[in-house]
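Note sheet for the following structure.
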Amino acid sequence: MQVQAVRGARKALLAVAGAVLLASSMPPSRSAATEGRRVLFIGNSYTRFNDLPRMVREIARSVPDGPSLRTRRETHGGYRLRGHWRQRRVRRLVAGGRFDVIVIQAHSLSPLERPDEMEEYARRFAERARAAGSEVVLFQTWARHPESPTLDELQLDPAEMHQRVDGVYASLATRLGARLAPVGRAWLRAQTEVPDARLYRPDRTHPTMTGTYLSACVMYRTLTGVDPRRATWKPWRMRPEEAERLRAVAASIE
């Protein structure tokens with residue numbers, strides 16, 4: 001009887017040891033809480049200037065008990081979505097399943113000049129992203145500065161440009177079943193509620209550090225659902241009160 005008991009104990013110990021070895025040989029499970037959501041930004045200079053994805057990551061890092069984000073960008077100046085689609089590397093990144101979210105930013109004039117082309121390639125990216133298990137977010141761009149010569153060429157004022165861009169992005173998000181990051185709406189409101197904030201560079205189209213920060217706060221809220229007013233990070237040259245007002249604008253946009 002004692003011999004049988006000893007043998008039984010040995011078998012139990014061996015089973016436990018085997019389970020431990022098997023568990024240690026398996027790859028660690030991924031957790032959004034420990035590793036952060038993985039986000040790929042696809043866009044052009046509107047995303048690249050001041051490294052908006054990095055700002056989004058820093059904002060997330062500064063929120064107590066908030067979800068973390070791991071970001072990567074594929075950005076080329078002046079690119080439209082068609083140009084990105086032609087890059088095999090970008091298609092492979094989207095299809096590889098390495099990202100939880102794919103953020104798509106089209107050329108700022110595509111909603112006005114080539115809305116059908118914009119939708120075609122946004123749809124291609126969205127379908128490939130979903131097949132890989134990724135969510136899709138559309139990065140709504142902003143209208144040009146009131147003094148931009150492009151507005152004269154388009155025969156539009158900033159409010160009209162915003163309305164048309166907003167309409168294209170909103171309806172496209174609905175058709176694609178994607179989430180909308182209403183960055184353009186935040187820029188429009190900030191020009192009224194934070195009139196001293198300098199959002200545009202001298203070229204009247206690209207964002208300053210301030211403009212990118214506002215965009216990043218909106219993007220952070222869209223990606224996480226967390227109120228950006230909880231964040232403490234800001235660009236080091238930005239006045240704390242200005243950062244606070246911009247975060248409030250980002251929090252108020254639907």
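Quick notes
- Scope the stretch 199-209; condition in contact with a Pro (Cβ under 7 Å, 6 or more places away or on another chain) and either assigned to a helix (DSSP H, G or I) or surrounded by 23 or more Cβ atoms within 10 Å (Cβ to Cβ) (or both); matching residues: Met209
- Selection count, the stretch 228-254, where residues are under 16 Å from Arg61 (Cβ atoms), open to solvent by 40 Å² or more (accessible area, probe 1.4 Å) and assigned to a loop (DSSP other than H, G, I, E, B): 4
- Every test in (1) among the small types (Gly, Ala, Ser); (2) closer than 24 Å to Thr212 by Cα; (3) at pLDDT below 50 is passed by Gly36 save one, and that test is (3).
- Residues that are of a type in the set (Ser, Thr, Tyr), surrounded by fewer than 22 Cβ atoms within 10 Å (Cβ to Cβ), within 19 Å of Ser215 (Cα to Cα) and more than 23 Å from the chain's Cα centre (by Cα) do occur in the stretch 180-198, at least one of them.
- Condition met for Glu58 (under 25 Å from Asp166 (Cβ atoms), in a helix (DSSP H, G or I) and not hydrophobic (A, V, I, L, M, F, W, C)): no
- Among the helices (runs of 4 or more DSSP H) confined to the stretch 61-167, the ones with at least 2 residues that are surrounded by fewer than 16 Cβ atoms within 10 Å (Cβ to Cβ) are located at 88-95, 115-131, 149-154.
- Residue within the stretch 210-223 that is on the phi < 0 side of the Ramachandran plot, open to solvent by 70 Å² or more (accessible area, probe 1.4 Å) and more than 16 Å from the chain's Cα centre (by Cα) present: no
The values are calculated or read from the model by the stated rules, or taken from the named source; none is laboratory data. These numbers were taken from a predicted model, which means no experiment stands behind them. Don't worry about glycine lacking a Cβ; one is built from the backbone with ideal geometry, like all the others, and counts go over all protein chains shown. Note: accessible area is taken over every heavy atom of the protein model, side chains too, but ligands, DNA and RNA are not part of it. Shrake-Rupley method; radii C 1.70, N 1.55, O 1.52, S 1.80 Å.
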